[in-house]
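In what follows, a structure is listed as structure tokens, so that the remarks can point back to it.
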Amino acid sequence: MTSTAMRPNRLHVKLLWLADAMHGSLLSSADVLRTASIILKLRHPKEPCPISWEIIDSSGDVVRLPGVLSDGCLADMDGINPERVLLIIPPLHVYNSPHIGQIAEANSQAMHLIGQHAIGGGSIGATGSGIVFPAMLGLLDGAKIGVPWPHHSWFSRTFPSIDLSGTECITVHKQLFTCVASNSQTDLMLMILARLINPDLATTASAFFNYQPERQASIAGITNAKCTAKTADSPVHRAIHWLRTHIEEPYRLPMLAEAAATSERTLLRHFHEVTGMSPLDYLRNLRVERAKVLLEITIQTVDAIAHACGYSDVASFRRLFRCTTGMTPDAYRLRFSVRAPRTHWKVEDLE
């Protein structure tokens, strides 16, 4: 039976190119969309990609940039539900707060395009000073959002019908997504993917954009790289270092205490004070994280992954994995694997 995991409805995204825009935010959006489409193509190579995008100007005409619109990203718009079309409005380069209003008023064509898009039921994503466009159209009346703090006073005076007391960087009001800061454009796009396409797809794509400390710490062991960072001079840090570099070995408290240069009793007490768990529970979490990565980026069997994570008893590994993640290893792989259907997939392929 063919899996339906991560197979979303079709979505077409229009990135609005304005003369005064911070164009980097549009390119960041395109990067997220292209990464998501690559993931879907890897997962379902025989199916057409349901994500498409294009950069347009204020008249709706396509703006062609070398290297941005490739791999058949431009969609055949026939048959696309208007509600499955997303319009991204970028932040603006401005000299002062009133300049925001002046730019918006001078872009009447863009204002009309955005208004028609909203009337058709399409979703909108607006970032930073670009929030002025849906605000002027009344699309944010009654919404509680945040705006860039340097322009808060101007927005408050100009749009009294909007509650600007919001402190979240990203908010959702009906079909409208707003983002306060341009450096959070990637996070905005990932949230949109989660809302409009598939949460699992957004989770998988986030691995290529967001810094993930636990994954960063564990990948060295997975690729058998030598640890180069110095270990902090404390029993707990020495114990953690030992656990990270001996994940696949059987857990023995006396050996761990010796590596930490302290007694077993002292180690257990201080380890729990620092981490909130026992060394064994910490090791189990490390093993599950390693298993997650291997399930995502390799085609090794669950048995092989169990052994790579220090479990000779595969049934015990399966129970631990399910207890920790709420799903079986096979179910996790089905939802989150990022690989092409080929014989081998090395970690280096993702770098």
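Here is how the numbers come out for the structure above:
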{"quantity": "Pairs where the first residue, in the range 42-60, is crowded, with 18+ Cβ neighbours inside 10 Å and the second is among the hydrophobic types (A, V, I, L, M, F, W, C) and part of a loop (DSSP other than H, G, I, E, B), C-beta under 6 Å, 6+ apart", "calculated": "Arg43/Met6; Ser52/Cys73; Ser52/Ala75; Trp53/Cys73; Glu54/Leu74; Ile55/Trp17; Ile55/Val63"}
{"quantity": "Every residue from the range 181-198 that is within 12 Å of Ala126 (Cβ to Cβ) and in contact with a helix residue (DSSP H, G or I) (Cβ under 7 Å, 6 or more places away or on another chain)", "calculated": "Ser182, Gln185"}
{"quantity": "Subset tally (residues that are touching a strand residue (DSSP E or B) at 6+ places or on another chain (Cβ under 7 Å) and not in a helix (DSSP H, G or I)) for the range 130-145", "calculated": "5"}
{"quantity": "The range 331-349, residues that are closer than 13 Å to Leu294 by Cβ and modelled with pLDDT of 55 or more", "calculated": "Tyr332, Arg333, Phe336, Ser337, Val338, Arg339"}
{"quantity": "Some residue of the range 162-170 being over 22 Å from the mean Cα position of the chain (by Cα) and surrounded by 21 or more Cβ atoms within 10 Å (Cβ to Cβ)", "calculated": "yes"}
{"quantity": "Test: Asp141 is modelled with pLDDT of 95 or more and among the acidic types (Asp, Glu)", "calculated": "yes"}
{"quantity": "Pairs where the first residue, in the range 323-335, is in the same structural domain as His307 (by TED's automatic domain parsing) and under 14 Å from Thr203 (Cα atoms) and the second is among the hydroxyl-bearing types (Ser, Thr, Tyr) and outside any loop (DSSP other than H, G, I, E, B), C-beta under 8 Å, 6+ apart", "calculated": "Tyr332/Thr325"}
{"quantity": "Residue ranges of helices (runs of 4 or more DSSP H) in the range 156-266 with at least 2 members among the charged types (D, E, K, R)", "calculated": "185-196, 213-222, 235-245"}
{"quantity": "From the options Thr167, Thr158, Thr171, residue that is in the same structural domain as Leu16 (by TED's automatic domain parsing) and either hydrophobic (A, V, I, L, M, F, W, C) or at pLDDT below 95 (or both)", "calculated": "Thr167"}
{"quantity": "Every pair of residues 6+ apart whose Cβ atoms lie under 6 Å, when the first sits in the range 176-193 and is surrounded by 24 or more Cβ atoms within 10 Å (Cβ to Cβ) while the second is in a loop (DSSP other than H, G, I, E, B)", "calculated": "Thr178/Ile145"}
{"quantity": "Test: Glu289 is surrounded by 18 or more Cβ atoms within 10 Å (Cβ to Cβ) and at pLDDT 90 or above", "calculated": "yes"}
{"quantity": "In the range 114-129, residue nearest to Leu86 (Cα to Cα) [restricted to those that are of a type outside the set (A, V, I, L, M) and in a strand (DSSP E or B)]", "calculated": "Ser123"}
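The values are calculated or read from the model by the stated rules, or taken from the named source; none is laboratory data. Everything quoted here is computed from the prediction, not taken from an experiment. Note that we place each Cβ from the backbone using ideal geometry, even for glycine, and neighbour counts take in every protein chain shown.
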